[in-house]
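Worksheet: the structure to be examined is printed underneath.
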Amino acid sequence: MNFATVGTGWITEAFIQAARLSEQYQLVGVYSRTEEKAKQLAQQYNAPNYYTDLEEMAKSDEIQAVYIASPNSLHFEQTLIFLKNKKHVICEKPIFSNSAELATAYKMAEENGVFLFEAIRNIHTPNFKILKEKLHMAGQLRSAILPYLQYSSRYDAFLKGEEPNIFSAEYSGGALVDLGVYPIYLAVGLFGEPKKVSYHPVILRSGVDGSGTLLLEYDGFVCTILCSKIVHSVLPCEINGEKGTFVLEDAAPISKILFHDSHTKESQILSVDQEQQNMVYECINIANIIQNHHTMEYNQLKDWSNIVLRITEEARRQNNIVFGVEK
């Protein structure tokens, strides 16, 4: 499948590498606002075309799909350009700023006979599927704690008075939508939609959350999600049931899973070794859905994207975190 990219950051390069590893994609074009960056990336990965005009790129008959990894606030507008030109879109998380944008984009994708995906690596990995299949081993679930706290190098610039995109309300930034989506996706994929959402953030001078604790209430238990871009943690994830506990080395890419039996006191490793370039799994799954029209799996991903966005939207509403596109 011929694809092109929007954005020139490290995540774009990681996706290009993963797409190549999957053997399902051929890079035929790259976009950047500056010709120099576009040309450099195209040459680096042997792409025959580079663009500085999105409309021109979207009209290319050579491109079947596009991967978008621009600043968050630009995702919606750029996605619509490609959808209306009948291109499949893989949009980096967080897919959009709010549910209204998501509904509009899904409608346009359907009208034009193409697929729209949120690029989120952890739910496509083999270990996520193993965890979902084995979740019953824990018995009645009673609690879960899913941390994802990584100190951002861009926070140093923020402390000096700058406002990088990821710490900017104008660019739809913040810890919850940037890092929190990983454990939120994990919770939604395993437990479904919560009955109640409660978010307790550390609000920065820019109006977005630098850190926060998200509580997702389910029947019989609460899932606690910790997210931050201003502190770092090495805490593992835990899912606790009456029969046992799952310990995950991380929420993304879920590299290791241990199960501790509460009664026998025995432990076992359930995880398998995964590709170091773990984005390869989403590349493979997305390509399979597009090429084989796997509508059931596609609809599942759509449902999860909708639920995750509703959760982050409600969390922001509770704390008056308003993005620039919403003003």
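The values are calculated or read from the model by the stated rules, or taken from the named source; none is laboratory data. Keep in mind it's a predicted model, so treat the numbers as computed, not measured. Here Cβ is always computed from backbone atoms with ideal geometry, including for glycine, and neighbour counts include all displayed protein chains. Quick note on the areas: whole protein, heavy atoms, side chains included, nothing else; ligands and nucleic acids left out. Shrake-Rupley method; radii C 1.70, N 1.55, O 1.52, S 1.80 Å.
Once the Cα atoms are used to define both axes, helix 181-191 deviates from the longest principal axis of the chain by about 50 degrees.
Grab the beta carbon distance between GLU242 and HIS294, set R0 = 45 Å, and tell me the FRET efficiency rounded to 0.05.
On the way: r = 35 Å, r/R0 = 0.79.
Efficiency at R0 = 45 Å is approximately 0.80.
Mean residue ellipticity at 222 nm, helices only, the chain: -10500 deg cm²/dmol; runs of at least 4 DSSP H residues each add -39,500 (n - 2.57), and the sum is divided by the number of residues. Springs between Cα atoms under 10 Å define the GNM used for the chain, and in it the highest mean-square fluctuation of GLU170, GLU23, GLU266 occurs at GLU266. Summing charges over neighbours of GLN26, with a neighbour being any other residue whose Cβ is under 12 Å away from its Cβ, gives -1 when K and R count +1 and D and E count -1. Label zone (SER255, point 7 Å along Cα-to-C-beta; backbone nitrogen cut-off 20 Å) within the stretch 141-159: 146-153. Could you tell me which of rounded, prolate or oblate describes the stretch 13-80, using a ≥ b ≥ c as the square roots of the eigenvalues of the alpha-carbon gyration tensor, with rounded for a/c under 1.5 and, failing that, prolate when a/b is larger than b/c and oblate otherwise? Cα axes put the stretch 13-80 in the rounded bin. Ordered from largest to smallest accessible area (heavy atoms of protein chains, 1.4 Å probe), the residues ASP261, ASP209, ASP273 come out as ASP273, ASP261, ASP209. State the extension gain, in nm to one decimal, for the chain segment bounded by GLU217 and VAL272, taking 0.36 nm per residue of separation less the distance between their alpha-carbons. Contour length minus Cα-Cα distance gives 16.8 nm. Taking the C-alpha atoms only, the angle from helix 99-111 to the longest principal axis of the chain is near 60 degrees. For the stretch 114-165, applying the loop criterion from DSSP together with a ceiling of 12 other beta carbons within 10 Å to the GluC sites (Glu not before Pro) yields GLU162.
Counting only DSSP beta bridges with both residues in the chain, the antiparallel share comes to about 55 percent. For VAL308, neighbours were defined as the other residues whose beta-carbon sits under 9 Å from its Cβ, and their charges (Lys and Arg +1, Asp and Glu -1) total +1. TYR171 contributes about 90 Å² of solvent-accessible surface, heavy atoms of the protein only, 1.4 Å probe. Determine the relative contact order of the chain: mean sequence separation of Cα pairs under 8 Å and six or more apart, normalised by residue count, in whole percent. That works out to 19 percent. In degrees, nearest 10, range 0 to 90: what is the angle between the Cα axis of helix 280-292 and the longest Cα principal axis of the chain? Helix 280-292 and the main axis of the chain meet at about 70 degrees. Annotation for the stretch 1-75: trypsin sites (Lys or Arg not before Pro) lying in DSSP loop with at most 16 further Cβ atoms inside 10 Å of their Cβ are ARG33, LYS59. Between the stretch 164-225 and the stretch 263-297, what is the C-alpha centre distance in whole Å? Using only Cα atoms to place each centre, the spacing works out to 24 Å.
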